[in-house]
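Structure first, then comments.
Throughout, read-outs are computed from the coordinates displayed, never taken from laboratory work. Note that the coordinates shown come from a computational prediction; the quantities given were computed from them, not determined experimentally. Cβ: placed from backbone, ideal geometry, glycine included. Neighbour counts: every protein chain shown.
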Amino acid sequence: MNDKLQALRLFVRVARTGSFSAAARELDVSQPSVSRIIAALEEDVGAALVTRTTRAVTLTDAGSDYLTRVEAILSSLEEADHTARGSQELRGSLRVAMPASFGVREIIPLMPGFLTRHPSLNVSLLMSDQRQDTIKEGADVALRLGDLDDSSATARIIGRTQRLIAASPSYLKANGAPEVPADLADHAAIVGPVGTSSGTWSFQKDGQSVSARIHCRLTVSYNEAAVAAAVAGIGVVNTSLWGCRAELASGALIQLFPDWKMGEVEAHGMFTPGRRPKPSARALVEYLIAELRR
């Protein structure tokens with residue numbers, strides 16, 4: 001039984017990664033072993049499940065149908081094991097996709113408490129500043145910032161934080177501090193993942209909304225670079241409290257216009273569509289909801 005389960009899990013990772021070698025690295029087995037196990041599985045099933053080329057491994061029609069059924073079986077089996085134990089103990093593996101900056105700054109500091117509660121659970125954090133394909137990555141749950149682009153996924157809000165404008169003391173000393181949002185037109189702006197859609201930033205105060213034109217001096221593709229550039233004195237940055245909490249606390253950055261609001265950034269826990277969420281995925285989302293609201 002364990003051999004068949006191993007074969008099914010290997011098949012899922014081969015299918016999702018499109019690579020024997022990638023699946024071998026993820027599951028800590030040799031590439032020849034993966035090839036042998038998949039070939040044995042195909043013989044047992046009585047059908048070709050994958051097509052092998054020099055560039056990639058793709059699924060046959062039978063393989064695509066088999067993958068859908070196998071993933072449902074593995075998810076149900078884990079749920080059954082968890083229910084049969086009759087306890088809150090979680091076992092097995094949990095794969096979590098998330099933005100790198102959010103993961104490093106907010107999620108990893110919270111993980112010790114979760115891992116202490118569940119000593120038999122192994123967690124893999126899939127961290128990237130590019131939005132990941134949760135199905136291909138085999139993620140059980142994804143943490144997303146901002147709007148969700150997959151309406152078929154089940155998601156829960158795990159937390160909210162404010163967007164804000166900040167700059168370093170050295171930048172403000174050299175260029176003066178803007179007193180109202182309209183003053184941003186005379187300053188260098190650092191544009192990162194938040195606020196990249198236009199040449200203006202929007203603010204609200206006392207029921208009034210204003211749009212401030214910005215002069216984009218530097219554009220970066222991820223939050224850590226934007227915050228680092230602001231600390232270096234290049235300009236003012238538009239980010240979230242999650243994205244620069246440590247720098248504000250240390251004085252490396254100073255918040256501008258604290259009386260003006262820029263809207264909230266929501267974080268969601270998004271379960272992989274078409275699959276029953278793992279008990280461990282649901283438990284992590286519940287844990288983060290409680291911790292991020294403190």
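Things worth noting here:
- For ILE158, nonlocal amide neighbours, meaning residues 5 or more places apart or on other chains whose placed amide H falls under 5 Å from its own, are ALA267, HIS268, GLY269.
- Cα gyration tensor, segment 40-135 - rounded (a/c under 1.5), prolate or oblate: oblate
- Distance between modelled label sites at THR219 and THR54, nm, 7 Å Cα→Cβ extension: 3.8
- Size of charge dipole - the chain - debye, nearest 20, with Cβ of Lys, Arg +1 and Asp, Glu -1, no other charges: 240
- With Rh defined as the Kirkwood radius, the inverse of the mean 1/r over Cα pairs, the Rg/Rh of segment 1-87 is 1.00.
- Estimated distance in nm for a label pair at ARG117 and ALA185, the labels positioned 7 Å out from Cα along Cα-to-Cβ: 5.1
- For SER93, residues with placed amide H under 5 Å, excluding near neighbours: ASN122
- Using a Förster distance of 30 Å, the FRET efficiency for LYS173-ASP147 (Cβ separation, nearest 0.05): 0.20
- FRET efficiency estimate (nearest 0.05) - Cβ-Cβ, ALA249 to ARG36, R0 51 angstrom: 0.40
- Mean projection area, nm², convex hull over Cα of the chain: 18.6
- Mean-position separation - Cα centroids, segment 158-173 and segment 227-293, in angstrom: 12
- For segment 203-219, 3J(HN,Hα) computed residue by residue from phi via the Karplus equation (6.51, -1.76, 1.60; θ = phi - 60°) reads 9, 10, 7, 6, x, 9, 10, 9, 10, 9, 6, 10, 9, 6, 8, 9, 10 Hz, glycine and proline entered as x.
- Using θ = phi - 60° and Karplus 6.51 cos²θ - 1.76 cosθ + 1.60, couplings along segment 263-273 (whole Hz; Gly, Pro as x): x, 9, 10, 9, 10, 10, x, 10, 7, 4, x
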